[in-house]
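For reference, the structure is listed below as structure tokens.
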Amino acid sequence: MTNNQQQPITIKISEFEGPLDLLLHLIRQNKMDIYDIPIAAITQQYLDYLHSMRALKLDIAGDYLVMAATLMTIKSRFLLPQPEPDEMDDDPRDSLVAELLAYKVYQEAAGELREKEQARHQHFTREAMLVPADLSAPKLTAGITLDDLQAAFRQLVAKRRRVRPLTKTVVAETINIDERMTQITTQLQHQPQGLDFADLFTVSASDEMLVTTFMAVLELTKQDQVALQQAEPLSPIHLYLRQDEQHDEH
């Protein structure tokens, strides 16, 4: 019977993503100035950490050892007799500080991206779907069809995109269809003569607001709260409150 030989278990350092991460941790923990690192103290603490890992028989990646050698080299340069101030070379810590600062920027950016990812996981987007071919499209008001309203909406979106800047700030939409319906009816109550469909969309409105407004108009028309008028095909569509809705407000 053959005895199975057990392979030694190797555990890698998991607390830190690399030697720069460990150095930043030590600097923050000891409240050191990253631009003026006390090289002797940071080198000793770094080596103590590696020694503790070895004492626990944990595997240490090679880049940690390379950083240890770098710190010891910088420390040895500080132990050498220093030249006169006007003859002194660049600070031997400059390269290390530059690496730490660059890593710190990427680390903070990664943290922000993780937060955005977690926030995005709280939102669910409905997949695009085709409109059923057998869906009825009744006339909305005075001969205006759903296709007419959709055509007006497409023209509005196309016009806005032609004049919209190439860059924009993306923000989360905070209004739903019911709230937008209330806003539109309130706006029409203050304008008894009605208003054009295009006037419902501000210049700074997001794409989400465009869609929300369009859906709100459809729902208001479906509920007979708003009437639509169009002088001729492809002309502007005019909205106004139905007479019974206006009377209800007085």
Some residue of segment 147-157 being of a type in the set (Asp, Glu), closer than 30 Å to residue 234 by Cα and either at pLDDT 75 or above or outside any loop (DSSP other than H, G, I, E, B) (or both) | yes
Does residue 114 qualify as being at pLDDT 75 or above, open to solvent by less than 50 Å² (accessible area, probe 1.4 Å) and among the basic types (Lys, Arg)?
-> no
Which ones in segment 26-69 are polar (S, T, N, Q) and open to solvent by 20 Å² or more (accessible area, probe 1.4 Å)?
-> 29, 30, 44, 45, 52
Among the residues of segment 32-56, count how many are over 24 Å from residue 77 (Cα atoms) and assigned to a loop (DSSP other than H, G, I, E, B).
-> 1
Those residues that are open to solvent by 10 Å² or more (accessible area, probe 1.4 Å) and under 32 Å from the mean Cα position of the chain (by Cα), I need them from segment 212-236; list them, please.
-> 212, 214, 215, 218, 219
If you scan segment 206-235, which residues turn out to be modelled with pLDDT of 80 or more and in a loop (DSSP other than H, G, I, E, B)?
-> 223, 224, 225
Would you point out the residue of segment 76-94, among those that are assigned to a helix (DSSP H, G or I) and at pLDDT below 85, that is least open to solvent (accessible area, probe 1.4 Å)?
-> 78
State whether the residues of segment 162-169 include one that is modelled with pLDDT of 80 or more and assigned to a helix (DSSP H, G or I).
-> no
Count of segment 240-250 residues which are modelled with pLDDT under 85 and either open to solvent by less than 80 Å² (accessible area, probe 1.4 Å) or in contact with a Cys (Cβ under 6 Å, 6 or more places away or on another chain) (or both) = 4
Restricting attention to segment 197-211, the residues that are open to solvent by 30 Å² or more (accessible area, probe 1.4 Å), of a type outside the set (Ser, Thr, Tyr) and closer than 22 Å to residue 228 by Cα number exactly 4
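The values are calculated or read from the model by the stated rules, or taken from the named source; none is laboratory data. For clarity, every value in this text was computed on a predicted model and none was experimentally measured. Neighbour counts are summed over all protein chains in view; Cβ atoms, including those assigned to glycine, are modelled from backbone coordinates with ideal geometry. Please note that ligands, DNA and RNA were not included when accessible areas were found on the heavy atoms of the full protein model with its side chains. Shrake-Rupley method; radii C 1.70, N 1.55, O 1.52, S 1.80 Å.
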